[in-house]
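Each value in this text was obtained by applying a stated rule to the coordinates, not by laboratory testing. The shown structure was predicted, so the numbers you read here are calculated from the model rather than taken from an experiment. Methodologically, a virtual Cβ is constructed for each residue, glycine included, from the backbone with ideal geometry; neighbour enumeration extends over all protein chains shown.
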């Protein structure tokens, strides 16, 4: 019996777990994009106990990765190693998921800043017609710039079309 745990995040992961026959926790380092066989001398119930200790922290079976929406940090499989294609595919999906999540957070931050400015303007009898945030990644030597995003918040009143010239007298 064996338990394989894969780290599909981009940071080092330390798996801490307890088993009945030890007085201290066991720690296994799992580098990014790799997997390790965990507690080889253990029985199936030992391995299930280890998995149970980490499910609440996001450890999922490899068979459920496709049904899982969002970021997957670690996954496990009993008896056979996780296929390398599966690891790379999950890491790619993690990148896409994190990019979408960060774009959503930037939009929320822009909306919050826009609301804050409108409230401050209202208190001073001023008016904010439009608010824009431009996010651009700084250039680094040897790295392609990947982020350039403009988030614009418009006031409904400023979007109304105005006629040209002076208003007519009735």
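See the values below:
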{"read-out": "Counting DSSP beta bridges with both ends in the chain, the antiparallel % (nearest 5)", "value": "90 percent"}
{"read-out": "On Cα atoms only, tilt of 44-54 relative to the major axis of the chain in degrees", "value": "20 degrees"}
{"read-out": "FRET E, pair residue 149, residue 92, Förster distance 22 Å, beta-carbon r, rounded to 0.05", "value": "0.55"}
{"read-out": "Region 3-82: C-alpha gyration tensor shape, a/c 1.5 cut-off, then a/b vs b/c", "value": "prolate"}
{"read-out": "Cα long-axis angle, helix 84-123 against the chain (0 to 90 degrees, to the nearest 10)", "value": "30 degrees"}
{"read-out": "Sites residue 138 and residue 108 - FRET efficiency at Förster radius 35 Å, r taken between beta-carbons, to 0.05", "value": "0.95"}
{"read-out": "Structure-derived volume of the Cα convex hull per residue in Å³ - corresponding label in (1) 104; (2) 121; (3) 233", "value": "(3)"}
{"read-out": "Label-point gap, in nm, between residue 85 and residue 124 - each point 7 angstrom along Cα→Cβ", "value": "6.1 nm"}
